[in-house]
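I have placed the structure first, in the form of structure tokens, so that the comments after it can refer back to it.
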Amino acid sequence: MVNNKQEFSFNFGGKEITVETGRIAKQADGAVLLTCEGTQVLVTVCSAREMNDGQDFFPLMVDYKEKFTAAGKFLGGFMKREGRPGNHEILLMRMIDRPLRPLFPEGYMFETIVMAQVLSYDPAFDPEVLAGLGAAAAIQLSDIPFNGPLGFCKVGKVDGQLILNPTLEQIEKSDVELVIAASENAIMMVEGEAQEISEEEMLEAINFGHDNIREFCKFIKNMESKTNKTQKREFVSAAPNTKLVEQVKSQFTNEARECLAITPKLDRQLRIKDLEVTVAEAISVNPEAFGLKEGDDYKKNALKAVDELLYNMMRSDILNEDKRIGGRGMNQVREIETEVNLLKKVHGSSLFTRGETQVMAQVTIGGKEGEQMSDRLTGIFFDKFYLHYTFAPYSVGEARGYRGVGRREVGHGNLAERALKNMIPPTSEFPYTVRVACEVTESNGSSSMGSVCSGSMALMDAGVPLYRPVAGIAMGLVKSDEKFKILTDILGDEDHLGDMDFKVAGTDAGITAIQMDIKITGIDNEIMKTALAQAKEGRMHILGEMAKTISRSREHFKDGVPTITSTQIDKEKIGMLIGPGGKNIKAIQEKYDVSIEISEEGQVNILSPSIERNDIVKGVIDMQITGPKLDANYTGKVVTIKEYGAFVELADGVSGLVHVSEIADARVNDVNEYLSEGDEVEVKVLDIDRFGKIKLSIKAVKPLEKK
């Protein structure tokens, strides 16, 4: 295939981005190479021409890979080839995937793979932004049916100024970090975190990003026309046929109504399964009446038709009658139950139940050894706070084994982590590593926001000094033409049959995390504003319910939780404390059963379950590094007795001489009549000569008598 390279450039927030097509990966359905500064990302898309038998969901997969060669780096560790994706890569895959899905035509069930690879990395521009833009461009410039164009961006806010696509340095100082995807006319996806900003500030940041994305969408449409890529392939839709849907509606509306009248989730699901069986049996008797023929899969068609019937019925109830499953109001939160300190040996624990969603959180507190290391193109990072989310099959009553962490769990855990992390003091104030483990024990809607609530309570139960408690809530949407309703605290079925899953977490002072996904072609500013206001009302209610159990962090850790005591030493004396081959520091740790961590700046953290033990070790370290103070009193141990006096150890490796004349008021002829090796004595420092020799006195504190 001949090289048919075409290049187009546009200015995106002050940075020139070049989109190239026709030179690389020409056998893919769509391929683009995006370049900004020294960062380059190749994005390809391929979509199958034939649909898999029985396919009843859209098999879209997005892959994103950071190649270490892009930054001129070797991969750390034993393996030198990139393997399974890291969490940061998985999170971006999800953020690209979610806004793409609603823009494929209804009934398009052909396997579609989007692949983004970072080929060159320059800190001056974020490769994740190029990957998102490239995915949208590659699909738009292919013959794959797609209702685009779509654009991506990141938004930050530094010193009150909104910034498009901030650098890593700017993100460190930013009050907001958002990823936004949008079409020309509507928001498609939002995800990010914030430093307790208001709903108005959040909306301003989202609109700022959308305004810039509109310009990219215009650019891609122009590029599409100039590359003659406007013709899309024809396909056979897998949507349920009209005759099938109409027949099921006419014959089984009453049974469907009975299903939606059942409040408990599992009971409702069982009744829906029964209805699907009944419909399948009716189809088998007379397939032609339902628009099918002999040999078609009646069971799968029944499932599609019942789902369509319930979809239309539930949405009509909400839009026209303000009627939800279980009879709740549009802005009503389900009943909440909370508990803390339920696990006896865990550093902090909680159980948060909202309706049929329940999350158990466990907190572990420790030192530097607990930090989470990640090796990325952008550098090596050590996280001192992280949250793990687990969604086991038993939480939804499924009889199958747990096969490890999936992409969904990584995404939900990251959202909960973002919601909580900004409420934990910086390392200078709280030098501990903290892990939160959230186990979903029941699920019927928004377990990620349940994890925020449960995690917040467990942190307070552990004594982690949160600035303020954090709660989260999931909002839903049902929209038809210009009419819409926002649903507070959505159920799983309301998520499945609705148009939006909008999660907002924060404190009573503002938003700390946000995530929005939609299943339609976008939402406007009015819907976003209404959803944010209703989410705030729900969040405040949940915070009030949590406060009935625990409203602030415990003042002290529980028994057995490691406590850190810190001291500062001169950087030049770090080697002295460590000793040859680590001999000195190992000896201190073994003798006192503590862990000692030393930073490059000379901060020494002593870690053990006993504050008293930490203070002793701190005294030992201070003594070794700075030595005893003149005229100060210390408690020491007699280690050697000589004719002329006794040597007293003040700390490991620090000892001085008590001359016979400094033991008692009377003349001492035999030191053994007053002291024995191993005795603890109070001494005063009389002198430290220029060679570091220490002269001590017992009698200056309290003269001894003969034994």
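Quick note: the coordinates plus some simple rules give every number you see, no bench work behind them. Being a predicted model, the structure only gives us computed values, none of them experimental. Methodologically, a virtual Cβ is constructed for each residue, glycine included, from the backbone with ideal geometry; neighbour enumeration extends over all protein chains shown.
Straight-line cross-link partners of LYS695 among the lysines, defined as a Cα under 17 Å from its Cα and at least 8 positions apart when in the same chain: LYS629, LYS637, LYS642, LYS684. Which pairs in the list LYS618/LYS693; LYS323/LYS519; LYS232/LYS529; LYS173/LYS529; LYS345/LYS368; LYS421/LYS558 are over 24 Å apart, alpha-carbon to alpha-carbon? Pairs exceeding the cut-off: LYS232/LYS529; LYS173/LYS529. Given their separation in residues at 0.36 nm each and the Cα-Cα distance between them, ASN87 and SER250 gain 53.9 nm when the chain is fully extended.
How tilted is helix 127-140 with respect to the longest principal axis of the chain? Cα atoms for both, answer in degrees (0 to 90, nearest 10). Helix 127-140 sits at roughly 10 degrees to that axis. A Förster radius of 30 Å, combined with the Cβ-Cβ distance separating TYR644 from LYS583, puts the computed FRET efficiency at roughly 0.50.
Taken about its Cα centre, the range 548-707 carries a charge dipole of roughly 320 debye when the Cβ of each Lys and Arg holds +1 and the Cβ of each Asp and Glu holds -1. Rg/Rh for the range 633-697 stands at 0.94; both radii use Cα atoms, and Rh follows the Kirkwood definition. For the chain, a crude dipole built from +1 on the beta carbon of Lys and Arg and -1 on the beta carbon of Asp and Glu, taken about the Cα centre, is about 880 debye to the nearest 20. Between ARG407 and GLU172, the FRET efficiency from the beta-carbon distance, with R0 = 22 Å, is close to 0.25. Dividing the C-alpha radius of gyration of the range 563-626 by 2.2 N^0.38 Å, with N its residue count, gives 0.99. When +1 charges are put on Lys and Arg Cβ atoms and -1 charges on Asp and Glu Cβ atoms, the dipole computed for the range 356-449 relative to its Cα centre reaches about 240 debye. Highest-first packing order for the peptide set 300-313, 345-358, 242-255 is 345-358, 300-313, 242-255, based on the mean count of other beta carbon atoms within 10 Å.
The residue among THR230, SER250, LEU319 whose Cα reaches farthest toward the positive pole of the charge dipole of the range 204-357, with charges on the beta-carbon of Lys, Arg, Asp and Glu, is THR230. Mean separation of Cα pairs under 8 Å and 6 or more residues apart, divided by the residue count, gives the chain a relative contact order of 9 percent.
Size descriptors for the range 391-530, from the alpha-carbon set: Rg then Dmax equal 16.7, 53 Å. In terms of overall dimensions, the range 284-371 has a Cα radius of gyration and Dmax of 23.9, 69 angstrom.
Each listed q (0.06, 0.07, 0.08, 0.10 Å⁻¹) maps to a log10 I(q)/I(0) for the chain from the Debye sum over equal C-alpha point scatterers, namely -0.48, -0.61, -0.75, -1.04.
Based on alpha-carbon centroids, what's the gap between the range 495-523 and the range 410-424 in Å, whole number please? Here the two parts' Cα centres lie 15 Å apart.
Each part gets one Cα centre, and for the range 235-308 versus the range 540-603 those centres are 61 Å apart. Among the listed pairs LYS243/LYS265; LYS226/LYS483; LYS26/LYS226, a Cα-Cα separation exceeding 27 Å is found for LYS243/LYS265; LYS226/LYS483.
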